[in-house]
Amino acid sequence: PTIMTKTASLLAKLFAYPSQSTALSALQSDTHFKPGDRKTLSKLTAISSSWTNCDQALVENKNDLSKMILDELYSPYKFYKGNLDAHPPRAKFVDKICTKPLKKSKAGFWAATDETSTTSWLPSPTQTFDTVVHFLQSGSGTGVTISCKIVTCAHVVDSEDDNDDDDIVPDRIGRKRVVIYGDGRMFLTECERVIENIDGSRDVARLKIIEEIPGTLTTTLHTASATLSETVQPGTRTFCVGNPSSIDLECTQTSRSGKDRSIEFQPPIFHTSVGEYLGRTSKEIHDLRNEISSRGRSPTRGEKNRVIDEDPGEDGVMIEHSCWTYWGHSGAPIFDENGGVVGLHSAWCDLNGVRRGVGVELLREVMGDTPKKKATKKRKRGTKQQEVIDLTSP
């Protein structure tokens, strides 16, 4: 068997354990998982290379690495599987039940609502909902299938090794990740092309599907594929399918019901929200936002007003939309009302709450046959080339 087939078999074995305690006991036992097996599994996560290559002859190292693998792979799997079984999100999509759009207040801030509504114009799930994947990792993340490739934001394919220097674009090529579809099918993937720069305006990655993990619903590759939108104008109705998870990462207080840091949005996976394509952020405002963020202090009143008062136009650096999203929505496709992908959600603006993303032109570029620049591993802020593009055969 190939290395990847062995990897898929190890994942199937891990996911077969009925509980966290039994899975952890097995991971910490050399009888069930050898040191090489734990190393193989850790490479499918954001775990740092120092831990992946640690000396497992030390019991403390072996046990700690096993717990990291549990948190990064097994726990997300149980979360996704449990929610897919208990509250199938596709049924809500078919019934056209979606979270309402963000609303812009008089002060200029885009705020969320937990209200849902029936959206009559929502298209068929076949080329939209069924093409969406979630990444099996504690950091979450979403992607979309286009021509049998997974497209997501580059920062979704992250690693603890990336945190050493924020001014360096990481080398993400070759990283392997597990993705899951809304019907429970799981596949191994590998990052094969990245278009990325430091300021976040270019933030997209393409992953190839390698093989299905044994024990899922089919033995053939997933064939549903989204299409890219030809044209999109400000005011176009849009919807997003993404992964909010169930944890409120902005709250440190226990809720009134006694549940700590829970959010009310349901379903917590493959969540559909509707909104509008608002237009594009001008480069001037995009640069101002990044400058404010890098300073580590509050903006002046004038700077804040410039950001809040800007009306997105047809041209600019990043797209803006009003579909509700949360942390795990990074890489989530933004569809128009005809089912075409107009971009990927990637971030939101702290100053006014508007949601931002990468446009369809970057998706076309990452799916293209010929890269524009030679592959490079790292680019520092201020150099002429801040972009990383790499490509194996498409």
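The values are calculated or read from the model by the stated rules, or taken from the named source; none is laboratory data. In this text, all values refer to a predicted model and were calculated from it rather than measured experimentally. Here the Cβ positions follow ideal geometry from the backbone for every residue, glycine too, while neighbour counts run over all protein chains shown. These area figures cover heavy atoms from the full protein model, side chains too; ligands, DNA and RNA do not enter into them. Shrake-Rupley method; radii C 1.70, N 1.55, O 1.52, S 1.80 Å.
Brief remarks on what is shown
- Applying both filters, DSSP loop and at most 13 other Cβ atoms within 10 Å, to the GluC sites (Glu not before Pro) of segment 30-139 gives 115.
- Binning the C-alpha pair distances of segment 2-64 at 10 Å intervals from 0 yields a P(r) profile of 21, 56, 23, 0 %, listed from the shortest bin outward.
- Qualifying chymotrypsin sites (Phe, Trp or Tyr not before Pro) in segment 111-163, DSSP loop, other Cβ atoms within 10 Å at most 13: 121
- Computed over segment 63-182, Kirkwood Rh from alpha-carbon pairs, angstrom: 17.3
- Heavy-atom accessible surface of segment 115-188, averaged per residue, reaches 33 Å², computed with a 1.4 Å probe.
- Within the accessible area of segment 102-245 (1.4 Å probe), percent carbon and sulfur: 48
- Mean projected area in nm² (Cα convex hull; one quarter of hull surface) for segment 155-210: 4.3
- The residues packed around residue 33, meaning those with a beta-carbon under 11 Å from its beta-carbon, carry a net charge of +3 if Lys and Arg are +1 and Asp and Glu are -1.
- Average accessible area per residue (Å²) across segment 59-114 - probe 1.4 Å, nucleic acids and ligands excluded: 52
- Percent carbon-and-sulfur accessible area, segment 7-67, ignoring ligands, DNA and RNA, probe 1.4 Å: 54
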